[in-house]
1. Take residues that are closer than 30 Å to Ala173 by Cα and tell me which of the helices (runs of 4 or more DSSP H) falling wholly in region 41-127 contain 3 or more.
2. Among the residues of region 332-375, write down those that are crowded, with 16+ Cβ neighbours inside 10 Å and in a helix (DSSP H, G or I).
3. Restrict the check to region 16-25 and report whether at least one residue is of a type in the set (D, E, K, R), out of contact with any Asp or Glu (no Cβ under 7 Å at 6 or more places or on another chain), modelled with pLDDT of 75 or more and surrounded by fewer than 16 Cβ atoms within 10 Å (Cβ to Cβ).
4. Please go through region 83-101 and pick out each residue that is surrounded by fewer than 11 Cβ atoms within 10 Å (Cβ to Cβ) and within 35 Å of the chain's Cα centre (by Cα).
5. Checking Lys46 against (1) surrounded by 10 or more Cβ atoms within 10 Å (Cβ to Cβ); (2) at pLDDT below 60: exactly one of these is not met. Which one?
6. Which residue, of Tyr387, Tyr354, is more than 30 Å from Arg298 (Cβ to Cβ), over 20 Å from the mean Cα position of the chain (by Cα) and either modelled with pLDDT of 65 or more or among the aliphatic types (A, V, I, L, M) (or both)?
7. Among Ile226, Ile215, Ile196, which is of a type in the set (Val, Ile, Thr) and modelled with pLDDT of 85 or more?
8. Scan region 280-309 for residues that are in contact (Cβ under 8 Å) with a residue 12 or more places away in the chain and either in contact with an Asp or Glu (Cβ under 6 Å, 6 or more places away or on another chain) or farther than 19 Å from Lys236 by Cα (or both) and report the count.
Amino acid sequence: MISQVIFTLLLGAGVIFLLFTLWKSSRVRQWTTGLVRRRFLNGLYKKNHEKMLNYDTSNAQAVQESLLSEILKKQQNTEYGQKHNFKDLIDVSSFQKLHPLTQYSDYKDFIRRTRAGEENILLNGRPHALITTTTGTLTNPSLIPISAKSTKELSLQGTAVYLEVIQRNFPAALEKVAKFTFSLNDNHSEAGIPIIPYPSVCFFSLLENIYLSTIPLHYFMSHYEILYTQLLFALKDVNIRILEANYSWLLRHVFSILEESWESLITDIQQGRLNPEFKLPLNIRKQIEDGLVPDAVRAEDLRAQVKEGFCGIAKRVWPNLQVVIAMESGGSDLDKHILRDNVCQGVPFYSPLYFTAEGLCGVNLWPVEDVSHYALCPPALYSLNLYLWIPAIRSNHKPCVFKMFLRGKLMSWL
């Protein structure tokens with residue numbers, strides 16, 4: 001009887017150990033990650049965000065008026081709301097009539113006090129984060145407070161829409177996405193409020209389920225070491241379908257690392273290790289190398305591709321690569337053309353969002369066109385922006401014509 005109990009206990013312990021070992025294995029982790037990714041994407045598509053966007057853009061004025069009313073009502077008890085009598089601003093007309101045109105300097109003192117920890121100044125309670133803007137300096141950036149609810153809504157600002165656009169135009173591409181990015185700086189105000197750039201607010205919390213398995217990174221790692229590690233994990237996976245970076249210049253930097261360090265990268269893949277020259281804490285190195293399995297076959301294939309040259313190497317290294325995702329921003333356009341003419345030859349580029357540091361401006365619904373076009377996002381579900389067209393008096397200048405798309409139609413105004 002006792003021997004049977006001992007046998008049962010040992011058998012149970014063996015099964016538990018076997019299940020734990022399987023769970024720790026890379027194949028099981030990959031299967032689990034793939035399952036989570038598919039469930040996430042299926043749930044996203046069921047909501048049909050693009051259809052809702054198209055519907056709301058056909059009622060843009062009513063949606064924008066509703067958004068303004070919601071903002072005024074929500075913030076009427078803040079110090080700023082009381083100063084400007086938000087309770088008396090009941091519609092667009094009264095807002096335009098009673099609220100003055102403002103610029104950042106008008107909010108500077110309010111933001112200084114918010115940054116220092118005062119509450120109910122521009123927003124109800126304490127802001128979730130302070131977003132850095134395009135004005136100001138590195139040491140003294142201009143900031144915009146944002147609430148926790150707004151942070152969640154920002155994650156839907158065009159992002160959910162462009163994922164649907166990708167799925168429709170590049171089927172199954174979202175099954176394998178390699179993301180290249182720097183880790184966020186640990187920057188806070190004197191009151192401990194996070195200070196972060198706008199894109200960081202929306203992207204990572206929503207999209208982390210579609211990228212390759214999370215790569216452990218350490219805040220002591222240099223930008224080179226971070227991108228090298230991300231590139232290493234991307235290279236070992238032949239089935240990558242999308243390369244993504246916030247900007248084209250960052251992706252160009254990634255490929256420069258490939259050109260300069262290809263021998264080291266291939267050796268790491270062959271041996272299932274991370275470059276031993278990187279001075280990392282042992283626990284971080286172990287976490288990274290747990291995801292690396294020696295792969296001599298893949299290493300040999302990569303060496304063969306490098307011998308053929310770097311022109312068009314992206315499509316040869318990842319034969320299933322369907323699209324490169326990178327946001328357009330000023331000088332990044334030159335980097336995009338350099339990539340398209342060289343290492344990413346034959347791969348379409350898609351800039352899904354048009355934004356500034358202050359927020360989203362539009363989403364690109366036409367990914368296969370050579371010239372990017374963007375639709376404004378008027379509904380509160382996708383955008384926290386309120387658009388007011390303010391006439392500008394320009395002496396000795398012809399009126400400037402702006403263009404926008406609403407529900408697929410080109411609209412123009414002076």
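The values are calculated or read from the model by the stated rules, or taken from the named source; none is laboratory data. This is a predicted model, so every value here is computed, not measured. Virtual Cβ from ideal backbone geometry, glycine too; neighbours counted across all protein chains shown.
1. Numbers: elements: 49-57, 60-74, 79-83, 92-98, 104-115.
Because the criterion is at least 3 residues that are closer than 30 Å to Ala173 by Cα, the helices (runs of 4 or more DSSP H) in region 41-127 that meet it are 49-57.
2. Ser332, Asp335, Lys336, Leu339, Arg340, listed by residue number.
3. No: zero hits.
4. Selection gives Pro100, Leu101.
5. Lys46 satisfies all of (1) surrounded by 10 or more Cβ atoms within 10 Å (Cβ to Cβ); (2) at pLDDT below 60 except (1).
6. Tyr387
7. Ile226
8. 3
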